[in-house]
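Working notes, structure below.
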Amino acid sequence: MRNLPLSARIYLAAIYSSSVIAAAVASRFMPPDAVSRKWELALLMVLGAAAGSKKVPLIRRKWSQEEGSMSLGFVVTFAAMLRLGPAGGLVVGTFSCLIGCIYPKRQPLYQLMFNVALSAIESCAAGLVFLWLNHGSLRLDPVTSFEGLVSSSLTYFVLNTGCVAVIIALCSGQSPFKVWSTTFMWTGPSYFAGASVAALALLIFREHVATALMFGSPVAYLTYQSYAVYTARAEEKQQHIEELQDSRAQLADLYLATIKSLALAIDAKDQYTHQHILRVQRYAVATGEVMGLSGVDMEGLTTGALLHDIGKLGVPEYVLLKPGRLTDEEFAKIKQHPEIGAAILDPVEFPWPVLPVVKYHHEKWDGTGYPEGLKGEDIPLTARILAVADVYDALTSSRSYRSAWPHEKAIATIKKDSGTHFDPKIVEAFLKVIDNVVYEMSKEGQGPLVVLKPAPRSVISKADEAARAIQRASSELWALYEVVESLSSSMGLQETLEILARKIGAIFPGSGCVFMLREAEGDRLKARAVYGLNQEFFSGCKTLNPGSLSIKMANDAATYLGEYDPDDLLLNSSQTEIWTDLQTALIVPIRHQGEILGTINLYNSEPQAFSLHDQHLMETIGERAALALYNGMLFDRTRSHALTDSLTGLYNVRYLTDCVDRRCTAAARHAIQSSSDDAEGTTSMLPRRSDDAFALLCLDLDSFKPINDNFGHQKGDEVLKELAGLFSSIMRERDVLARYGGDEFVVVLEGATRADAEMMAARLKKEVETYDPKLHYAKLGHIHLGLSIGIACFPHDGQDCATLISTADAQMYRDKSVRKLGQLAGNGRSTIPEEQVLPKAA
């Protein structure tokens, strides 16, 4: 008792005290002939003691360990109360309870005292209620005594069960009413049954009730034993039935759990659709509930949502994960997966209609779907529901060929396709629930409304770990395939880097991938491709110093796996992105035939985020990436030599011609598209957009030939390179500057008018005239250069490169002639005269 809470001990003390008061009160209500009925009281006490431990089960609850029963001791106690008043009921009840608490198993003392005291209280209270409602008489009448019998039995039931519920609640910290309502409330009928038996016996046998009960006890005992055997057998059968029902429910749960595990394993093979089936199931079930689906139809929809993509096992992974548009042949392979899935599941005898969901979820309302081209309500309802859920999740999830769409855009597409792709009624039901569903999912960290941000690592289940392993294995295989594929392709360096960075980032979600390549001049490494975590901070960053960790790993051809080193790279700042603290780094060198190319750097915000398995995988990728990157560098170098001037580093004639022709073709296309909207339908080559206009300037140096003749071609080349740098510093980034040949240059000014071109020409002339080549000729003194410029504007002066250059070139020679005549007249600066001024052929 010392282990009980203080409130429970106070309550027990109150019960003990109340029982003493009840005994004192009951003694004042003894019948006048009580002395002559001592033998009857003794006989009832003996019967009560014998019956105290015998209970007849009446009501059983599957969810409770207790069962409703009628205590035979209560029948004798109630009979004694009706026959001998509250005092007789108290004596018989307490004696019967005492014997029941001692035999066959003795209860703890405080529990025994509580049960006996409670028996005294409830016997006294029930007897007083009966006397009060029966007008103070113990005489029973079938009509007038009915109210007293019901009320007294109700009093006994409430006190007995209520007081026990209170002590349980005090010891367990629960609500007394909750304990009573869930454990004792449903046992009420047994008390009324016992009271009815006692009242019926008194009405039949009256003052001979004790004798009748005594002589009838053998028959009652045999009846009790027979009933007990019957109920025991019935209980065994009921228990067996319930065990079978439980086993069936467990098998159904196991069945669904197995299906779910296998479906998730299949789903995990595609990194882009991982968890897709669970989201689709959630959307479909919510829609089905709005439409009133239940029973086998709902079970079929629930299970079919898990298995609807099982047929993709028969589709090659290179098709499923292809980043670009599928060919007709590849799309034909995709269209086979519903039939493949139905064939795989055909041997399984589902208790629900699952196969229609799997086979027909790509059918369309207008009959243009596959595999059978079903139309309208010929498509099973569950398949129509899944079609909407499947398309919505596909639109709001990232795929190999595009990024995820926002929720609003996906909803707009679903609405637009209502009546063609989807059943309008199902779209209406879907729209009623989808907002609430995705909102609830967002609070769980799922669905299209989730804002991607680094989350703390949580404990994951073994099933999740297995799914991640499958997903990683699939993504690793695909990434290695793409790395190998890039080895044989003649793509540029930057394109190769971006593919590799994106694929490595897909293998390690939540990480940052940085390709650090060696700069052309110096030993520093510079970020050339960045993907994932802290992307803006890593973009374009460089190693901090010659002793940086990345440089050391590249020079030593060693891999680093450990803590993040903040002194390795000189990072950029960002106005839009928030820096995520990093804890783990994996740095893999990239070397080709002994040549240091750079490193692949992986970063993660979690401690020990990368394993030895990850290290070996990245080393394998690094080995294969080295050749791809080397080929990319050679490709860029070759392409640069083909399109640039080797002396000045500017674009050459080939690039200039291709660039101008492409600009002319694009402008012509825009003009034709715009003219299709004109009422007359005529085509005009006038640019409809400001971006289509451009000006072409031909530049020719004046007095340059004498530099080569008198100071050598090497000095002349130096002057040309200096002037190329001077011209480049004046140009805008989007303008094109090319060396046309010898001492001639061509400038393409994007979006420029003739006035803009004339302003640029004046500026270029001024810069050249003020330029000092630091050359001195004994007879003429310091040498100064001049610049002749011709201008042609697209499309007024020409609609192709050849015409524009010819027009500008002719104007440039007119300008040269005017300048020459001015010089001969004594105007302008002193320059070395050209030997002859002749116009050049276009």
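The values are calculated or read from the model by the stated rules, or taken from the named source; none is laboratory data. Owing to the predicted nature of the structure, the values given are computational and were not obtained by experimental measurement. Here the Cβ positions follow ideal geometry from the backbone for every residue, glycine too, while neighbour counts run over all protein chains shown. Quick note on the areas: whole protein, heavy atoms, side chains included, nothing else; ligands and nucleic acids left out. Shrake-Rupley method; radii C 1.70, N 1.55, O 1.52, S 1.80 Å.
Taking the alpha carbon gyration tensor of the stretch 150-198, what are the square roots of 5 times its eigenvalues, largest first, to the nearest whole Å?
23, 9, 7
Full extension from HIS670 to LYS443: what is 0.36 nm times the residue separation minus their Cα-Cα distance, to one decimal in nm?
Going from the current span to full extension adds 76.9 nm.
Taking a 1.4 Å probe, which of TRP405, TRP132, TRP352 shows the most accessible area, and what order do the others take after it?
So, going from the largest accessible area down, we get TRP132, TRP405, TRP352.
Provide the FRET efficiency to the nearest 0.05 for the LYS409-SER181 pair, computing r from the beta carbons and using R0 = 51 Å.
0.50
Report the extension gain between ALA520 and SER137 in nm, rounded to one decimal, defined as 0.36 nm multiplied by the number of residues separating them, less their alpha carbon distance.
Difference between extended and current length: 126.1 nm.
Tell me the label-point distance for the pair ILE168, ASN545, using the 7 Å Cα-to-Cβ offset, in nm and rounded to one decimal.
Result: 7.6 nm between the two label points.
Rounded to a whole number, what is D in µm²/s for the stretch 63-210 from Stokes-Einstein with the Kirkwood radius over alpha-carbon pairs (25 °C, 0.890 mPa s)?
155 µm²/s
If R0 is 25 Å, what FRET efficiency do you get for GLU758 and ARG734 from their C-beta distance, rounded to 0.05?
Given R0 = 25 Å and the Cβ-Cβ separation, E is 0.85.
Considering only Cα-Cα distances, which of the following residue pairs are longer than 19 Å: LYS705/LYS820; LYS765/LYS820; LYS105/LYS178; LYS312/LYS333?
Too far apart for the 19 Å limit: LYS105/LYS178.
How far apart, in nanometres, would the label points at VAL348 and ALA13 be if each is projected 7 angstrom from Cα along the Cα-to-Cβ direction?
6.6 nm
Where does each of LYS432, LYS359 land when they are ordered by accessible area, with a 1.4 Å probe and the largest first?
LYS432, LYS359
Please report the base-10 log of the normalised intensity I(q)/I(0) for the stretch 732-811, using a Debye sum with one equal scatterer per alpha carbon and no solvent, at each q in 0.13, 0.23 (1/Å).
One equal scatterer on each Cα of the stretch 732-811 leads to -0.49, -1.19.
What does the accessible area per residue of the stretch 303-430 come to in Å², with a 1.4 Å probe and no ligands, DNA or RNA counted?
For the stretch 303-430, the solvent-accessible area averages 45 Å² per residue.
Between the stretch 752-774 and the stretch 350-380, how many Å separate their Cα centres?
Cα centroid of the stretch 752-774 versus Cα centroid of the stretch 350-380: 72 Å apart.
Among the chymotrypsin sites (Phe, Trp or Tyr not before Pro) within the stretch 306-414, which fall in a DSSP loop and have no more than 14 other Cβ atoms within 10 Å of their own Cβ?
Hits after loop and neighbour filter: TYR401.
Ordering PHE515, PHE95 by how much accessible area each has at a 1.4 Å probe, largest first, what is the list?
PHE95, PHE515
In the neighborhood of GLY341, defined by Cβ-to-Cβ distances under 9 Å, what is the net charge if each Lys or Arg adds +1 and each Asp or Glu adds -1?
Residues near GLY341 contribute 0 overall.
Give me the distance in nm between label points sitting 7 Å out from Cα along the Cα-to-Cβ direction at VAL290 and GLU722, one decimal.
Label at VAL290, label at GLU722, 7.7 nm between them.
Whole number in Å², please: accessible area per residue of the stretch 565-640, 1.4 Å probe, ligands, DNA and RNA not counted.
So the stretch 565-640 comes to 50 Å² accessible per residue, rounded to a whole number.
Tell me the carbon and sulfur percent of the accessible area for the stretch 302-409, rounded to whole percent, probe radius 1.4 Å.
Accessible surface attributable to carbon and sulfur in the stretch 302-409 totals 52 percent.
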